[in-house]
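> One structure, as structure tokens, below. Some questions next.
The values are calculated or read from the model by the stated rules, or taken from the named source; none is laboratory data. Just so you know, these numbers come straight off a predicted model, no measurement behind them. We place every Cβ from the backbone using ideal geometry, glycine too, and count neighbours over all the protein chains shown.
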Amino acid sequence: MSASGRGPVIYVLKRFPRLTETFILNEIRAMERLGERLIIFSLLPPEPPPHHPMVAEVCAPVHSPPPHLGGQVCRVLGAHARMLAFAPLRYLRALGLALRRTLTSRHPMSLWRQFARAGVLAALCRRAGVRHIHAHFANAPTSVAHFAHRMSGIPFSFTAHAKDIYLSRPAILRRHLHAAEFVATCTAYNAEHLRRIAPGLDPRRVHLVYHGIDLQNFAAAESPAARTGGRRARILSVGRLVPKKGHEDVLAACARLLEQGVDFDCEIVGDGPLRAALMAEVLRLGLTERVRFSGSMTHRDLLGRYRQADLFVLAPRIAEDGDRDGIPNVIAEAMAVGVPVVASDVSGIPELVRHGQTGLLVPSRDSAALAVAMSRMLTDASLAANLAESARSVLAREFDLWQTTRALHVLMDCAPCCADAASSDGVLAGDLPGAAAIAGEGAP
């Protein structure tokens, strides 16, 4: 049993482990250290290596699809049959709900894929005595958690982040918001948006829970003034090479710095579909001797890059399809090491990068303003040091991993426990292996 004397909590994730989702990994590690027993239900197989070394610290068993799914159909059907036998009215209501939603769904195959996964999740929850289901991301994982809740009666909640909020249909989000025991989200900007799209919802059910930083893992580096002496300034940017990250603006700002005679090197860490286009832009701007792309890397390697940097810069934007960031975790990580930060004022970023207090903010898509802020930070060592020191203080007060995870833990403990629905059942004995029988990709 967990520290509360009740059953475990099951986390529903699209993929675990995943290199770009250190915020979820950190939360899981902290939740376990707070005494919670967890199970992880991954909709997709793990990413191929490299994996963050911290993954080895996670005690929770991970249930994910096997590499070959052809022979697993019977297990999926068996899990659904057991849920039908155990709670026929609940199961049939959930099935009827799925049938009705098929009539209006833009992606009916995805809907039934989530329903299939939900039966396996619900059966696993009953077999393991799960007391609460928590999903990360308001799209496919929450759809699976919602259906599993309908089948089992076990309460569920979810954490909404960024793309999952702004690219999901408001009607679908409203259904999840009204059905969930509570909703957490990582920015006040997101929280206000969710409350607006569900006006009949008690606003107190939407909770702001920032992505926490384990400051013990981030020793502050030497001061910016000491680092820049006698060599080129080192500029670091970290993020997937996708439109919403605004790497084009960083490159344009670097070209302006070069024209102004600023001596620098810029490293961009991350990978993605825009890599070839961005490398072509580097060539066009004459930055081949100044900018390099390092691809994806583990958190351990990235920590070394932070400690070598004189300036961290990120210029997120709202993409044409509406996709946007929340508060990129890499900003908080750079601040935790003591690197001064320049960023654009998109979404929840101003909640952490407070202009003139913890960093410098510029308008989105404004490479000229970005270049001015970068130059100012690189040439005013006193400003850079003061902002970096203030940023780390704000992290300690408002973004500490143990505080944020403890807040989420309290929400889960306060959620009603459906003891009858969550108890282990002999009818479902042997269902645990069936948790591996999950097919297909996540729904949009």
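> Just to be sure before I move on: is Leu361 among the hydrophobic types (A, V, I, L, M, F, W, C), under 24 Å from the mean Cα position of the chain (by Cα) and either more than 15 Å from Phe218 (Cβ to Cβ) or assigned to a loop (DSSP other than H, G, I, E, B) (or both) in the structure I sent?
Yes, satisfied.
> Further, regarding this structure: Any residue at all in the range 128-137 that's more than 17 Å from Phe16 (Cα to Cα), modelled with pLDDT of 95 or more, of a type outside the set (Ser, Thr, Tyr) and part of a helix (DSSP H, G or I)?
yes
> If Pro350 passes every condition in (1) in contact (Cβ under 8 Å) with a residue 60 or more places away in the chain; (2) under 23 Å from Lys163 (Cα atoms) but one, which one does it miss?
Result: Pro350 passes all but (1).
> Within the range 98-137, take every residue that is in contact with a Ser or Thr (Cβ under 6 Å, 6 or more places away or on another chain) and among the aliphatic types (A, V, I, L, M) and give me the one that is surrounded by the most Cβ atoms within 10 Å (Cβ to Cβ).
Among residues in the range 98-137 that are in contact with a Ser or Thr (Cβ under 6 Å, 6 or more places away or on another chain) and among the aliphatic types (A, V, I, L, M), the one surrounded by the most Cβ atoms within 10 Å (Cβ to Cβ) is Ala122.
> Considering only the range 95-123, state which residues are more than 28 Å from the chain's Cα centre (by Cα) and part of a helix (DSSP H, G or I).
Hits for the range 95-123 are Leu95, Gly96, Leu97, Leu99, Arg100, Thr102.
> Here is a list of conditions, (1) within 23 Å of Trp402 (Cβ to Cβ); (2) in contact (Cβ under 8 Å) with a residue 40 or more places away in the chain; (3) among the small types (Gly, Ala, Ser); (4) surrounded by fewer than 22 Cβ atoms within 10 Å (Cβ to Cβ), and Ala191 meets all of them except one; can you say which number that is?
(2)
> Could you please let me know if Asp265 is touching a helix residue (DSSP H, G or I) at 6+ places or on another chain (Cβ under 8 Å), at pLDDT 95 or above and not aliphatic (A, V, I, L, M)?
no
> Report, by residue number, each residue of the range 103-127 that is hydroxyl-bearing (Ser, Thr, Tyr) and either touching a Pro at 6+ places or on another chain (Cβ under 9 Å) or modelled with pLDDT of 95 or more (or both).
Result: Ser110, single match.
> Which is under 30 Å from Thr288 (Cα atoms) and modelled with pLDDT of 95 or more, of Pro224, Pro155, Pro243?
The match here is Pro243.
> Quick one: how many residues across the range 271-318 are small (Gly, Ala, Ser), more than 25 Å from Arg376 (Cβ to Cβ) and under 20 Å from the mean Cα position of the chain (by Cα)?
Number of matching residues: 3.
> OK, next. Name, by its number, the condition in (1) in a loop (DSSP other than H, G, I, E, B); (2) crowded, with 24+ Cβ neighbours inside 10 Å that does not hold for Ser168.
(2)
> Also: Looking only at the range 373-403, which residues are within 15 Å of Ala233 (Cα to Cα) and buried (at least 16 other Cβ atoms within 10 Å of the Cβ)?
Ala373, Met374, Ser375, Met377, Leu378, Ala381, Ala384, Ala385
> I've got another one for you. Scan the range 318-327 residue by residue and report those that are surrounded by 22 or more Cβ atoms within 10 Å (Cβ to Cβ) and under 13 Å from Tyr166 (Cβ atoms).
Arg324, Asp325, Gly326
> Related question: If a residue has to be farther than 20 Å from Arg324 by Cα and of a type in the set (Gly, Ala, Ser) to count, how many in the range 172-197 make the cut?
Of the residues in the range 172-197, 2 are farther than 20 Å from Arg324 by Cα and of a type in the set (Gly, Ala, Ser).
> Testing Gly239 on (1) touching a Lys or Arg at 6+ places or on another chain (Cβ under 8 Å); (2) closer than 26 Å to Ala30 by Cβ; (3) not assigned by TED's automatic domain parsing to the domain that holds Leu287, one condition comes back false. Which one is that?
Only one criterion in (1) touching a Lys or Arg at 6+ places or on another chain (Cβ under 8 Å); (2) closer than 26 Å to Ala30 by Cβ; (3) not assigned by TED's automatic domain parsing to the domain that holds Leu287 is unmet by Gly239, namely (3).
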